[in-house]
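What follows is a short report on a single structure.
The values are calculated or read from the model by the stated rules, or taken from the named source; none is laboratory data. Computed from a predicted model, the values in this text were never measured in an experiment. All Cβ positions, glycine included, derive from the backbone under ideal geometry; neighbour counts span all protein chains shown.
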Amino acid sequence: MYIDSHCHLAFPELNQRLDAILADMRAADVGGALCICTSMDEFESVHALAAAHDNLWASVGVHPDTEAMDEPDVAWLCERAARPRVIAIGETGLDYYRLEGRSIADMEWQRERFRVHIRAGRQRDLPLVIHTRQASDDTLAVLRDGNAGPGPASRGVFHCFTESMDVARAALDLGFHISFSGILTFKTAAELREVARYVPLDRCLIETDSPYLAPVPHRGKTNTPAWVPHVAHLIAELKGVSSAAVADATRLNFEQLFRVTVPERV
C-alpha cells in the first residue's frame, strides 16, 4: 500500500472531485495522504478533509512564499496543531525563487516565519514539512539554529526534494526524511535520481504535491494522489528492489515519522 505524504486536496481543482479522487486512490492501492496547509485561511478546509476521512491527515502552516497576509504566531500554530488528525507543522521553510529585485537580506520576514514554525514544531513535538527553493544554505542554517536550547529537536521531511547531494546529506545528518515527487520521473532529473539512489530507503517518503508535478506518463495533467505509485516504481528501479518493498518502507516511514497508523483498508 502506498502513501502520498504531501498533497493539496483542499485546492478547488481537487476538492471539487474529491469522491472520484478517493476512489482512484483505492483502485491504485494508495491507502492515505497528508493534506498540506499553505495559509491561515486554508486551515479549516484542510482540517475538515482530515476529520471526515480516516485515511487523510492534515498539517498546519503558512507557505514561505505567501505574502501580504497576517503572520501566524506560535500560539496560533500550536492551538491548531493540537486538534485531532493534525500531524505536522508546515509547509514551511524558505523560498528565494521570486526575489523580484529584493536581496537575500530583504527576505528576513521569511526566515522569521520559518523560525516561528520551528518553535511550534518543537513545542508540540510534531514534524516539520520543509519547503526549500534556491535557499538551501539558509534553510539548513535556520534549522540548526532553531534546535538550540532545551526540548525535542526538530524532525520532519524535506518535501518535493530537488536539491543537491550535499543538501541531501545535510538533511539526513539533521535527522530529516527526504520525500521525492513526480519530478523524479522527468527526463531532466538525472542528478536527482542519483540523490534518490543514495538516500537510504528507511529515510525516504513519496509524494505527489497534487495538483502539481504529475509524473511521467501523466506529465502536464492535473496531478492526483493515485499517481504516487509512479514515484515508487522509479525509486524501486533505482535501488534494485521491488515496488512492493518501496511501498512498504515508505508507508512505515510515514507512520513512524508522523506517529500514525494507516488503516489497512478504506
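Hey, could you check segment 95-127 for residues that are farther than 27 Å from Pro152 by Cα and part of a helix (DSSP H, G or I) and say which is nearest to the chain's Cα centre (by Cα)? The selected residue is Met107. State all residues of segment 232-261 that are crowded, with 18+ Cβ neighbours inside 10 Å and farther than 19 Å from Val195 by Cα; if no residue qualifies, say none. Within segment 232-261, Arg251, Phe254, Leu257, Phe258 qualify.
Taking segment 224-264 on its own, how many of its residues are assigned to a loop (DSSP other than H, G, I, E, B), within 20 Å of Ala23 (Cα to Cα), in contact with a helix residue (DSSP H, G or I) (Cβ under 9 Å, 6 or more places away or on another chain) and of a type outside the set (S, T, N, Q)? Full working, then the answer.
Filtering segment 224-264 for residues assigned to a loop (DSSP other than H, G, I, E, B) gives 224, 240-242, 259-264.
Right, trim to within 20 Å of Ala23 (Cα to Cα) and you get 224, 262-264.
From what's left, in contact with a helix residue (DSSP H, G or I) (Cβ under 9 Å, 6 or more places away or on another chain): 224, 262.
Applying the additional criterion that residues be of a type outside the set (S, T, N, Q) yields 262.
Selection size over segment 224-264: 1.
Picking from residues in segment 181-209 that are of a type in the set (D, E, K, R) and surrounded by fewer than 21 Cβ atoms within 10 Å (Cβ to Cβ), the one that is farthest from Asn223 (Cα to Cα) is Asp202. Restricting the first residue to segment 75-96 and requiring it to be within 22 Å of Met107 (Cβ to Cβ), which pairs with a second residue that is surrounded by fewer than 22 Cβ atoms within 10 Å (Cβ to Cβ) meet a Cβ separation below 6 Å and a spacing of at least six or different chains? Close Cβ pairs (under 6 Å, with a partner that is surrounded by fewer than 22 Cβ atoms within 10 Å (Cβ to Cβ)) amount to Glu91/His63; Leu94/Asp138; Asp95/Asp65; Asp95/Arg133; Tyr96/Gln134.
Before we move on, is Arg219 of a type outside the set (A, V, I, L, M) and outside any loop (DSSP other than H, G, I, E, B)?
Values: of a type outside the set (A, V, I, L, M): yes; outside any loop (DSSP other than H, G, I, E, B): no.
Considered against the rule, which asks whether it is of a type outside the set (A, V, I, L, M) and outside any loop (DSSP other than H, G, I, E, B), Arg219 comes out as no.
On the basis of being charged (D, E, K, R), under 22 Å from Met69 (Cα atoms), within 17 Å of the chain's Cα centre (by Cα) and at pLDDT 95 or above, does Arg155 make the cut? Here the answer is no, as Arg155 does not meet what is asked. Selection over segment 80-94 of residues that are within 29 Å of His53 (Cβ to Cβ) and part of a strand (DSSP E or B) gives a count of 8.
When Val116, Val46, Val74 are screened for being under 30 Å from Leu22 (Cα atoms), surrounded by 14 or more Cβ atoms within 10 Å (Cβ to Cβ) and not polar (S, T, N, Q), only Val46 passes. Taking Pro225, is it within 24 Å of Cys37 (Cβ to Cβ), crowded, with 22+ Cβ neighbours inside 10 Å and touching a Cys at 6+ places or on another chain (Cβ under 6 Å)? Criteria met by Pro225. Taken over segment 94-111, the criterion of being surrounded by 12 or more Cβ atoms within 10 Å (Cβ to Cβ) and within 14 Å of Pro72 (Cβ to Cβ) is satisfied by Gln110 alone.
When segment 10-33 is filtered for residues that are among the small types (Gly, Ala, Ser), in contact with a strand residue (DSSP E or B) (Cβ under 8 Å, 6 or more places away or on another chain) and in contact (Cβ under 8 Å) with a residue 60 or more places away in the chain, the ones remaining, listed by number, are Ala28, Gly31, Gly32, Ala33.
Scanning segment 172-202 for residues that are among the β-branched types (Val, Ile, Thr) and part of a helix (DSSP H, G or I), which turns out farthest from Thr224 (Cα to Cα)?
First pass over segment 172-202, keeping only residues among the β-branched types (Val, Ile, Thr): 178, 183, 185, 188, 195, 199.
Checking which are part of a helix (DSSP H, G or I) leaves us with 183, 185, 195.
Working: Ile183: 14, Thr185: 15, Val195: 24 Å.
Top of the filtered list is Val195.
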